[in-house]
1. Based on alpha-carbon centroids, what's the gap between region 150-202 and region 292-308 in Å, whole number please?
2. Which value, in Å to one decimal place, does the Kirkwood hydrodynamic radius take for region 1-63 when every pair of different Cα atoms is included?
3. Find how many whole Å separate the alpha carbon centroid of region 316-336 from the alpha carbon centroid of region 246-286.
4. Using alpha carbons only, what's the Rg to Rh ratio of the chain with Rh from Kirkwood?
5. Just want the answer: with Cβ charges of +1 for Lys and Arg and -1 for Asp and Glu, which residue in 208, 138, 223 is farthest toward the dipole's positive end in region 124-229?
6. May I ask you to evaluate 6.51 cos²θ - 1.76 cosθ + 1.60, the Karplus curve with θ = phi - 60°, for each residue of region 13-20 and list the ³J(HN,Hα) values in order in whole Hz, giving x for glycine and proline?
7. Using only Cα atoms, find the angle between the long axis of helix 288-310 and the longest principal axis of the chain, and express it within 0 to 90 degrees, rounded to the nearest 10.
8. Tell me, what is the per residue accessible area of region 186-270 in Å², probe radius 1.4 Å?
Amino acid sequence: MLDYETLRIIWWLLIGVLLIGFAITDGFDLGVGALLTLVGKTDNDRRIMINTIGPHWDGNQVWLVTAGGAIFAAFPMIYATAFSSFYLALMLTLAALWMRPLGFDFRSKLENPKWRKSWDWALFFGGIVPALVFGIAFGNLLQGMPFQFDDMLKVTYTGNFFTLLNPFAILTGLVSVAMLLMHGSVWLQLKTDSVIHERAEKVATKLGIVTSVLFVIGGLWIAFGIDGYHITSTVITDGASNPLTKNVSVSAGGWLLNYQLYPWMILAPVVGVVSPLIVALLSFRKRGGWAFVASALSLAGIILTAGFAMFPFLVPSSSFPAMSLTIWDSSSSQLTLNIMFYVAMLFVPIVLGYTLWGFWTMRGRIKAKHIEAGSSHAIY
(Lines give C-alpha, C1' and ligand atoms only; values in the text may rest on other atoms or scores of the structure.)
Protein backbone atom coordinates (compact mmCIF):
# COMPACT_ATOMS: atom_id res chain seq x y z
CA MET A 1 0.00 0.00 0.00
CA LEU A 2 1.29 3.47 -0.88
CA ASP A 3 1.93 5.84 2.01
CA TYR A 4 -0.77 8.36 2.93
CA GLU A 5 1.16 11.47 1.90
CA THR A 6 1.94 10.07 -1.55
CA LEU A 7 -1.67 9.02 -2.10
CA ARG A 8 -2.95 12.48 -1.22
CA ILE A 9 -0.58 14.10 -3.70
CA ILE A 10 -1.45 11.54 -6.37
CA TRP A 11 -5.16 12.27 -6.01
CA TRP A 12 -4.57 16.01 -6.10
CA LEU A 13 -2.70 15.44 -9.36
CA LEU A 14 -5.32 13.09 -10.78
CA ILE A 15 -8.14 15.52 -10.14
CA GLY A 16 -6.05 18.20 -11.83
CA VAL A 17 -5.55 15.92 -14.83
CA LEU A 18 -9.30 15.26 -15.02
CA LEU A 19 -10.12 18.98 -14.87
CA ILE A 20 -7.57 19.75 -17.58
CA GLY A 21 -8.92 16.84 -19.65
CA PHE A 22 -12.42 18.27 -19.29
CA ALA A 23 -11.26 21.76 -20.28
CA ILE A 24 -9.42 20.52 -23.37
CA THR A 25 -12.15 18.16 -24.59
CA ASP A 26 -15.50 19.54 -23.46
CA GLY A 27 -14.02 23.04 -23.53
CA PHE A 28 -14.19 23.26 -27.31
CA ASP A 29 -17.79 21.99 -27.16
CA LEU A 30 -18.70 24.86 -24.83
CA GLY A 31 -16.71 27.27 -26.99
CA VAL A 32 -18.43 26.24 -30.23
CA GLY A 33 -21.84 26.50 -28.57
CA ALA A 34 -21.06 30.01 -27.34
CA LEU A 35 -19.80 31.00 -30.80
CA LEU A 36 -22.84 29.60 -32.59
CA THR A 37 -24.58 32.95 -33.07
CA LEU A 38 -21.32 34.85 -33.72
CA VAL A 39 -19.51 32.68 -36.27
CA GLY A 40 -22.58 31.03 -37.78
CA LYS A 41 -24.42 33.50 -39.98
CA THR A 42 -26.82 31.11 -41.73
CA ASP A 43 -28.75 28.01 -40.75
CA ASN A 44 -26.32 25.84 -42.73
CA ASP A 45 -23.36 27.48 -40.99
CA ARG A 46 -24.81 26.65 -37.59
CA ARG A 47 -25.65 23.10 -38.56
CA ILE A 48 -22.05 22.62 -39.68
CA MET A 49 -20.80 23.96 -36.35
CA ILE A 50 -23.14 21.74 -34.36
CA ASN A 51 -22.08 18.69 -36.32
CA THR A 52 -18.40 19.32 -35.52
CA ILE A 53 -19.13 18.70 -31.83
CA GLY A 54 -22.19 16.45 -32.11
CA PRO A 55 -20.27 13.14 -32.07
CA HIS A 56 -18.05 14.18 -29.13
CA TRP A 57 -19.86 16.33 -26.56
CA ASP A 58 -21.41 13.53 -24.49
CA GLY A 59 -18.19 11.52 -24.34
CA ASN A 60 -16.20 14.65 -23.49
CA GLN A 61 -18.53 15.42 -20.59
CA VAL A 62 -17.44 12.16 -18.95
CA TRP A 63 -14.27 14.01 -17.89
CA LEU A 64 -16.39 16.41 -15.80
CA VAL A 65 -18.49 13.62 -14.31
CA THR A 66 -15.35 11.64 -13.48
CA ALA A 67 -13.72 14.68 -11.86
CA GLY A 68 -16.80 15.27 -9.73
CA GLY A 69 -16.88 11.63 -8.69
CA ALA A 70 -13.18 11.69 -7.88
CA ILE A 71 -13.59 14.74 -5.65
CA PHE A 72 -16.52 13.07 -3.87
CA ALA A 73 -14.55 9.89 -3.21
CA ALA A 74 -11.04 11.27 -2.59
CA PHE A 75 -11.85 14.55 -0.83
CA PRO A 76 -15.39 14.26 0.60
CA MET A 77 -15.04 17.41 2.76
CA ILE A 78 -14.17 19.40 -0.36
CA TYR A 79 -17.20 17.99 -2.15
CA ALA A 80 -19.53 18.80 0.75
CA THR A 81 -18.16 22.30 1.33
CA ALA A 82 -17.64 23.48 -2.23
CA PHE A 83 -20.78 21.97 -3.73
CA SER A 84 -22.98 23.40 -0.96
CA SER A 85 -21.27 26.81 -1.25
CA PHE A 86 -21.73 26.89 -5.03
CA TYR A 87 -25.15 25.20 -4.93
CA LEU A 88 -27.17 27.78 -6.88
CA ALA A 89 -24.31 28.43 -9.28
CA LEU A 90 -23.98 24.70 -9.97
CA MET A 91 -27.74 24.36 -10.49
CA LEU A 92 -27.53 27.19 -13.01
CA THR A 93 -24.62 25.40 -14.70
CA LEU A 94 -26.49 22.10 -14.86
CA ALA A 95 -29.56 23.82 -16.30
CA ALA A 96 -27.33 25.38 -18.98
CA LEU A 97 -25.65 22.04 -19.73
CA TRP A 98 -29.08 20.47 -20.22
CA MET A 99 -29.62 22.89 -23.10
CA ARG A 100 -27.00 21.08 -25.16
CA PRO A 101 -28.66 17.67 -25.64
CA LEU A 102 -32.05 19.33 -25.97
CA GLY A 103 -30.74 21.78 -28.54
CA PHE A 104 -28.87 19.13 -30.51
CA ASP A 105 -31.88 16.82 -30.65
CA PHE A 106 -34.71 19.31 -31.22
CA ARG A 107 -33.18 22.14 -33.24
CA SER A 108 -33.47 20.50 -36.64
CA LYS A 109 -36.80 18.76 -36.01
CA LEU A 110 -38.66 21.72 -37.49
CA GLU A 111 -37.67 24.04 -40.32
CA ASN A 112 -39.35 27.03 -38.67
CA PRO A 113 -36.66 29.78 -38.46
CA LYS A 114 -37.92 31.04 -35.08
CA TRP A 115 -37.78 27.51 -33.66
CA ARG A 116 -34.20 27.02 -34.80
CA LYS A 117 -33.12 30.48 -33.69
CA SER A 118 -34.52 29.81 -30.20
CA TRP A 119 -32.48 26.62 -29.91
CA ASP A 120 -29.43 28.43 -31.24
CA TRP A 121 -29.67 30.82 -28.29
CA ALA A 122 -30.26 27.91 -25.94
CA LEU A 123 -27.03 26.32 -27.19
CA PHE A 124 -25.29 29.68 -26.78
CA PHE A 125 -26.31 29.84 -23.11
CA GLY A 126 -25.39 26.17 -22.76
CA GLY A 127 -21.85 27.12 -23.73
CA ILE A 128 -21.33 30.56 -22.20
CA VAL A 129 -22.89 30.00 -18.76
CA PRO A 130 -20.81 26.96 -17.69
CA ALA A 131 -17.63 28.64 -18.96
CA LEU A 132 -18.42 31.76 -16.94
CA VAL A 133 -19.47 29.92 -13.77
CA PHE A 134 -16.39 27.65 -13.73
CA GLY A 135 -14.16 30.72 -13.92
CA ILE A 136 -16.12 32.54 -11.21
CA ALA A 137 -15.77 29.48 -8.97
CA PHE A 138 -11.97 29.51 -9.31
CA GLY A 139 -11.94 33.24 -8.58
CA ASN A 140 -13.83 32.73 -5.34
CA LEU A 141 -11.60 29.84 -4.29
CA LEU A 142 -8.55 32.08 -4.70
CA GLN A 143 -10.17 34.69 -2.45
CA GLY A 144 -11.44 32.19 0.12
CA MET A 145 -14.98 31.09 0.84
CA PRO A 146 -16.97 32.23 3.91
CA PHE A 147 -17.50 28.94 5.76
CA GLN A 148 -16.69 27.37 9.10
CA PHE A 149 -16.89 24.03 10.91
CA ASP A 150 -18.29 23.25 14.35
CA ASP A 151 -16.76 20.71 16.73
CA MET A 152 -18.58 17.91 14.89
CA LEU A 153 -17.12 19.08 11.55
CA LYS A 154 -20.52 20.25 10.34
CA VAL A 155 -19.93 22.97 7.78
CA THR A 156 -21.82 26.28 7.71
CA TYR A 157 -21.59 28.52 4.65
CA THR A 158 -22.38 32.18 5.38
CA GLY A 159 -22.26 33.60 1.86
CA ASN A 160 -24.88 33.67 -0.89
CA PHE A 161 -25.08 33.53 -4.65
CA PHE A 162 -24.50 37.26 -5.08
CA THR A 163 -21.33 37.31 -2.95
CA LEU A 164 -19.83 35.05 -5.63
CA LEU A 165 -20.26 37.83 -8.19
CA ASN A 166 -17.42 40.01 -6.94
CA PRO A 167 -15.05 41.94 -9.26
CA PHE A 168 -12.11 39.54 -9.11
CA ALA A 169 -14.34 36.49 -9.66
CA ILE A 170 -15.99 38.18 -12.64
CA LEU A 171 -12.49 38.77 -14.08
CA THR A 172 -11.58 35.09 -13.67
CA GLY A 173 -14.93 34.23 -15.22
CA LEU A 174 -14.02 36.35 -18.24
CA VAL A 175 -10.64 34.60 -18.46
CA SER A 176 -12.48 31.27 -18.55
CA VAL A 177 -14.93 32.47 -21.20
CA ALA A 178 -12.17 33.92 -23.38
CA MET A 179 -9.97 30.82 -23.25
CA LEU A 180 -12.82 28.39 -23.96
CA LEU A 181 -14.17 30.47 -26.83
CA MET A 182 -10.62 30.63 -28.16
CA HIS A 183 -10.43 26.85 -27.87
CA GLY A 184 -13.76 26.46 -29.66
CA SER A 185 -12.69 28.73 -32.51
CA VAL A 186 -9.49 26.71 -32.98
CA TRP A 187 -11.55 23.51 -33.07
CA LEU A 188 -13.65 25.05 -35.86
CA GLN A 189 -10.45 25.67 -37.81
CA LEU A 190 -9.73 21.95 -37.64
CA LYS A 191 -13.23 20.77 -38.51
CA THR A 192 -14.61 23.23 -41.08
CA ASP A 193 -13.61 24.91 -44.31
CA SER A 194 -14.53 27.93 -46.37
CA VAL A 195 -16.23 30.89 -44.69
CA ILE A 196 -16.66 29.34 -41.23
CA HIS A 197 -13.00 28.40 -41.19
CA GLU A 198 -11.99 31.96 -42.07
CA ARG A 199 -14.26 33.51 -39.44
CA ALA A 200 -12.92 31.09 -36.82
CA GLU A 201 -9.35 32.15 -37.65
CA LYS A 202 -10.22 35.81 -37.12
CA VAL A 203 -12.02 35.08 -33.85
CA ALA A 204 -9.15 32.92 -32.54
CA THR A 205 -6.62 35.62 -33.41
CA LYS A 206 -8.51 38.17 -31.32
CA LEU A 207 -9.40 35.85 -28.45
CA GLY A 208 -5.83 34.60 -28.11
CA ILE A 209 -4.71 38.16 -27.36
CA VAL A 210 -7.70 38.81 -25.09
CA THR A 211 -7.07 35.61 -23.11
CA SER A 212 -3.43 36.45 -22.53
CA VAL A 213 -4.18 40.04 -21.48
CA LEU A 214 -6.96 39.04 -19.08
CA PHE A 215 -4.75 36.31 -17.58
CA VAL A 216 -1.94 38.81 -16.97
CA ILE A 217 -4.39 41.22 -15.30
CA GLY A 218 -5.61 38.37 -13.10
CA GLY A 219 -2.05 37.48 -12.16
CA LEU A 220 -1.24 41.07 -11.19
CA TRP A 221 -4.46 41.24 -9.16
CA ILE A 222 -3.46 38.07 -7.28
CA ALA A 223 0.03 39.44 -6.65
CA PHE A 224 -1.02 42.86 -5.38
CA GLY A 225 -4.73 42.76 -4.55
CA ILE A 226 -5.59 39.28 -3.22
CA ASP A 227 -4.43 37.84 0.10
CA GLY A 228 -3.02 34.32 -0.02
CA TYR A 229 -3.03 31.58 2.61
CA HIS A 230 -0.13 29.83 4.30
CA ILE A 231 0.03 27.10 6.96
CA THR A 232 2.09 28.37 9.90
CA SER A 233 1.87 25.33 12.18
CA THR A 234 3.58 21.98 11.71
CA VAL A 235 2.27 20.33 8.55
CA ILE A 236 1.19 16.75 9.20
CA THR A 237 0.99 15.14 5.80
CA ASP A 238 0.06 11.63 6.89
CA GLY A 239 -2.32 12.28 9.79
CA ALA A 240 -6.08 11.83 10.11
CA SER A 241 -8.22 14.26 8.14
CA ASN A 242 -9.22 17.03 10.53
CA PRO A 243 -9.17 20.67 9.35
CA LEU A 244 -9.32 22.00 12.92
CA THR A 245 -5.77 21.15 13.96
CA LYS A 246 -3.64 23.74 12.11
CA ASN A 247 -2.86 27.45 12.08
CA VAL A 248 -3.11 29.50 8.92
CA SER A 249 -1.93 33.02 8.17
CA VAL A 250 -3.28 35.32 5.47
CA SER A 251 -0.93 37.76 3.77
CA ALA A 252 -0.69 39.93 0.68
CA GLY A 253 0.92 38.05 -2.19
CA GLY A 254 0.66 34.79 -0.25
CA TRP A 255 -0.34 32.83 -3.34
CA LEU A 256 3.08 33.56 -4.85
CA LEU A 257 4.97 31.74 -2.08
CA ASN A 258 4.98 28.38 -3.89
CA TYR A 259 6.57 29.98 -6.92
CA GLN A 260 9.40 31.20 -4.70
CA LEU A 261 9.84 27.80 -3.04
CA TYR A 262 9.55 25.80 -6.27
CA PRO A 263 10.82 27.96 -9.15
CA TRP A 264 9.98 25.31 -11.77
CA MET A 265 6.27 26.08 -11.16
CA ILE A 266 6.74 29.36 -13.02
CA LEU A 267 6.43 27.33 -16.23
CA ALA A 268 2.64 27.17 -15.73
CA PRO A 269 1.93 30.93 -15.79
CA VAL A 270 4.51 31.42 -18.57
CA VAL A 271 2.65 28.86 -20.70
CA GLY A 272 -0.65 30.48 -19.69
CA VAL A 273 0.53 33.87 -20.96
CA VAL A 274 2.53 32.87 -24.04
CA SER A 275 0.43 30.04 -25.50
CA PRO A 276 -2.69 32.15 -26.22
CA LEU A 277 -0.46 34.61 -28.10
CA ILE A 278 0.92 31.67 -30.09
CA VAL A 279 -2.68 30.63 -30.81
CA ALA A 280 -3.33 34.10 -32.20
CA LEU A 281 -0.19 34.02 -34.34
CA LEU A 282 -0.79 30.50 -35.68
CA SER A 283 -4.44 31.27 -36.44
CA PHE A 284 -3.40 34.41 -38.29
CA ARG A 285 -0.97 32.28 -40.31
CA LYS A 286 -3.64 29.63 -40.96
CA ARG A 287 -1.95 26.84 -38.98
CA GLY A 288 -5.05 25.44 -37.28
CA GLY A 289 -3.53 22.12 -36.19
CA TRP A 290 -0.67 23.67 -34.24
CA ALA A 291 -3.02 26.38 -32.98
CA PHE A 292 -5.15 23.66 -31.37
CA VAL A 293 -2.06 22.25 -29.62
CA ALA A 294 -1.15 25.73 -28.37
CA SER A 295 -4.73 26.28 -27.21
CA ALA A 296 -4.71 23.02 -25.23
CA LEU A 297 -1.44 24.11 -23.62
CA SER A 298 -3.03 27.46 -22.78
CA LEU A 299 -5.84 25.79 -20.88
CA ALA A 300 -3.45 23.49 -19.04
CA GLY A 301 -1.14 26.38 -18.14
CA ILE A 302 -3.94 28.58 -16.79
CA ILE A 303 -5.49 25.80 -14.69
CA LEU A 304 -2.11 24.65 -13.35
CA THR A 305 -1.23 28.23 -12.42
CA ALA A 306 -4.17 28.36 -10.01
CA GLY A 307 -3.50 24.84 -8.70
CA PHE A 308 0.21 25.47 -8.06
CA ALA A 309 -0.50 28.82 -6.36
CA MET A 310 -3.03 27.33 -3.95
CA PHE A 311 -1.22 24.09 -3.09
CA PRO A 312 -1.83 22.51 -0.60
CA PHE A 313 -5.06 24.48 -0.13
CA LEU A 314 -8.18 23.32 -1.92
CA VAL A 315 -10.94 25.45 -0.37
CA PRO A 316 -9.61 28.28 1.82
CA SER A 317 -11.93 29.79 4.44
CA SER A 318 -12.13 33.58 4.48
CA SER A 319 -14.19 33.48 7.72
CA PHE A 320 -11.83 31.27 9.73
CA PRO A 321 -8.57 30.71 7.81
CA ALA A 322 -7.48 27.96 10.22
CA MET A 323 -10.49 25.93 9.06
CA SER A 324 -9.39 26.03 5.42
CA LEU A 325 -9.39 22.68 3.67
CA THR A 326 -6.11 21.31 2.32
CA ILE A 327 -5.11 18.04 0.72
CA TRP A 328 -3.58 17.00 4.06
CA ASP A 329 -6.71 17.33 6.19
CA SER A 330 -9.76 16.78 3.95
CA SER A 331 -9.10 13.47 2.18
CA SER A 332 -10.64 10.03 2.52
CA SER A 333 -8.84 7.30 4.45
CA GLN A 334 -5.57 5.82 3.25
CA LEU A 335 -7.31 2.54 2.38
CA THR A 336 -9.96 4.31 0.31
CA LEU A 337 -7.40 6.37 -1.60
CA ASN A 338 -5.28 3.29 -2.22
CA ILE A 339 -8.17 1.21 -3.61
CA MET A 340 -9.35 4.11 -5.75
CA PHE A 341 -5.83 4.64 -7.07
CA TYR A 342 -5.77 1.19 -8.68
CA VAL A 343 -9.32 1.66 -9.98
CA ALA A 344 -8.26 4.97 -11.54
CA MET A 345 -5.20 3.35 -13.11
CA LEU A 346 -7.62 1.04 -14.92
CA PHE A 347 -10.41 3.41 -15.93
CA VAL A 348 -8.66 6.73 -16.67
CA PRO A 349 -6.71 5.15 -19.57
CA ILE A 350 -10.00 3.67 -20.82
CA VAL A 351 -11.63 7.11 -20.82
CA LEU A 352 -8.59 8.58 -22.55
CA GLY A 353 -8.50 5.70 -25.02
CA TYR A 354 -12.10 5.94 -26.21
CA THR A 355 -11.84 9.74 -26.32
CA LEU A 356 -8.88 9.49 -28.71
CA TRP A 357 -10.60 6.70 -30.66
CA GLY A 358 -13.69 8.88 -31.08
CA PHE A 359 -11.63 11.78 -32.39
CA TRP A 360 -9.77 9.50 -34.81
CA THR A 361 -12.93 7.80 -36.05
CA MET A 362 -14.75 11.11 -36.62
CA ARG A 363 -11.72 12.91 -38.10
CA GLY A 364 -12.15 15.12 -41.13
CA ARG A 365 -13.93 18.35 -41.90
CA ILE A 366 -17.68 18.93 -41.91
CA LYS A 367 -18.54 20.71 -45.15
CA ALA A 368 -21.63 22.42 -46.52
CA LYS A 369 -22.16 19.61 -49.03
CA HIS A 370 -22.55 17.11 -46.17
CA ILE A 371 -25.38 19.18 -44.72
CA GLU A 372 -27.09 19.82 -48.04
CA ALA A 373 -26.90 16.19 -49.15
CA GLY A 374 -27.95 14.73 -45.81
CA SER A 375 -24.65 12.86 -45.59
CA SER A 376 -23.82 10.52 -42.72
CA HIS A 377 -21.21 13.12 -41.76
CA ALA A 378 -24.12 15.31 -40.63
CA ILE A 379 -26.29 13.91 -37.84
CA TYR A 380 -27.97 17.13 -36.70
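The values are calculated or read from the model by the stated rules, or taken from the named source; none is laboratory data. It should be emphasised that the depicted structure is a prediction, and the values quoted were computed from it without experimental measurement. A quick note on method: Cβ atoms are made from the backbone with ideal geometry, for glycine too, and the neighbour counts reach across all protein chains shown. Note: areas computed on protein heavy atoms with side chains; ligands, DNA, RNA excluded. Shrake-Rupley method; radii C 1.70, N 1.55, O 1.52, S 1.80 Å.
1. Their Cα centres are 13 Å away from one another.
2. About 13.7 Å for region 1-63.
3. Their Cα centres are 24 Å away from one another.
4. 0.99
5. Of the listed residues, the answer is 208.
6. Each residue's phi maps through the Karplus curve to give 5, 4, 5, x, 4, 5, 5, 5 Hz.
7. Once rounded, the angle reads 20 degrees.
8. 51 Å²
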